[in-house]
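The values are calculated or read from the model by the stated rules, or taken from the named source; none is laboratory data. Only a predicted model underlies this, so the values are computations on that prediction, with no experimental measurement involved. Note: ideal-geometry Cβ built from the backbone for every residue, glycine included; neighbour counts use all protein chains shown. Just the protein is used for accessible areas: all its heavy atoms, side chains included, with ligands, DNA and RNA removed. Shrake-Rupley method; radii C 1.70, N 1.55, O 1.52, S 1.80 Å.
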Amino acid sequence: MTPLLELKNLRKDFGGLRAVDDVSLTVPEGAIVGLIGPNGSGKSTLINLIAGSTDLSAGQVLFASQDISDLPSDEVFKLGIARGYQEPALYFKMTVLDNVLLPVKDQRGERPWYAPWRRFWQHEENAHAEAAVQALEQVQLLQHYDTLASDLSGGQMKLLEIARCLMGRPKLLLLDEPTAGVAPKLAYEIFQQIVRLRDDYGITLLIVEHRLEILFDFADYVYVMHLGSLLAQGEVDEIANDATVREVYFGD
């Protein structure tokens, strides 16, 4: 499979602490790839480095063969990488629909020379609204379109964040613990939605997840981090039966 994302010898130092240490990995186009490891192993920092929200200390990030190592997060987003957070970063006093409409790129109505003349941007606004409806349908939240984000359940907030990512037309979606704090049944449904994103939109996914029993049902490939470095990598069965991984997680 063609690599969509390549990380080459990534390193991140915070003062005297090395949070990510010489990590190299690839994410094939169209795959669902898991990134697992104990708390403090560097997983979220790695996601931040890919997304451009944290500067690299060393190494290289390639996306669709383009070096994006030094790009700020807004430029990374424009190229087609969207990300979700451990705690959903929503506008809680805005409706579900308004939250989904926020990330739309290059809106004509935002440009000062077009804004005063509605006829120049009304058609585009209607198209964005239709896309937002489709995104909410995809994650089964359309019936809550006029609900304040603050009134959603924890699982629904996670789904709303995914719907908002879709509005950026991502090629790669980075999800940081999409089922954290979510009831088991809904957690499984969130991963079913993730599979539909891959199948319906062709989106590639890199997912940080602690609930291995769910992730392992859906992932194509898994990387394991420990103390800032890659400990293991392989298909689900290989990782599940890896003695070193079991020792790190369970003390076996």
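Using the beta-carbon distance between Ala243 and Glu213 and R0 = 22 Å, what value does 1/(1 + (r/R0)^6) give for FRET efficiency, to the nearest 0.05? Kindly include the intermediate steps, with their values, before the conclusion.
Values: r = 19 Å, r/R0 = 0.86.
That pair, Ala243 with Glu213, gives E of 0.70.
Anything over 32 Å Cα to Cα? Flag those among Lys78/Lys185; Lys12/Lys158; Lys12/Lys93, in the order listed. The answer is Lys78/Lys185; Lys12/Lys93.
At a Förster distance of 25 Å, what's the computed FRET efficiency of Asp146 paired with Ser73, Cβ-Cβ distance as r, to 0.05? Calculated transfer efficiency: 0.25. If R0 is 22 Å, the Cβ-Cβ spacing of Glu235 and Arg196 corresponds to a FRET efficiency of close to 0.50.
Within the accessible surface of the range 1-53, defined with a 1.4 Å probe on protein heavy atoms only, the carbon and sulfur portion equals 45 percent. Across the chain, the longest piece that holds none of the trypsin sites (Lys or Arg not before Pro) lying in DSSP loops with up to 13 other C-beta atoms within 10 Å covers 106-252.
Please give me the summed charge of the neighbours of Asp22: other residues whose Cβ is under 14 Å from its Cβ, Lys and Arg +1, Asp and Glu -1. Cβ neighbours under 14 Å give a net charge of +2. Taking the Cα centroid of the range 34-48 and of the range 166-184, what is the distance between the two, rounded to the nearest whole Å? Centre-to-centre (Cα) distance: 15 Å.
Tally Lys and Arg at +1 and Asp and Glu at -1 over the other residues with C-beta under 14 Å from the C-beta of Lys93: what net charge comes out? Kindly include the intermediate steps, with their values, before the conclusion.
Numbers: positive: none; negative: Asp98, Asp146, Asp151.
Here the charged neighbours net out to -3.
Extension gain, Asp22-Phe92: 0.36 nm per intervening residue step, less the Cα-Cα distance, totals 21.4 nm. Neighbours of Ser57, meaning other residues whose beta-carbon lies under 9 angstrom from its beta-carbon, give a summed charge of +1 when Lys and Arg score +1 and Asp and Glu score -1. Taking 0.36 nm per residue of sequence separation and removing the Cα-Cα distance, the Phe14/Thr2 pair yields an extension gain of 1.0 nm. To the nearest 10, the accessible area of Ile32 is 0 Å² with a 1.4 Å probe.
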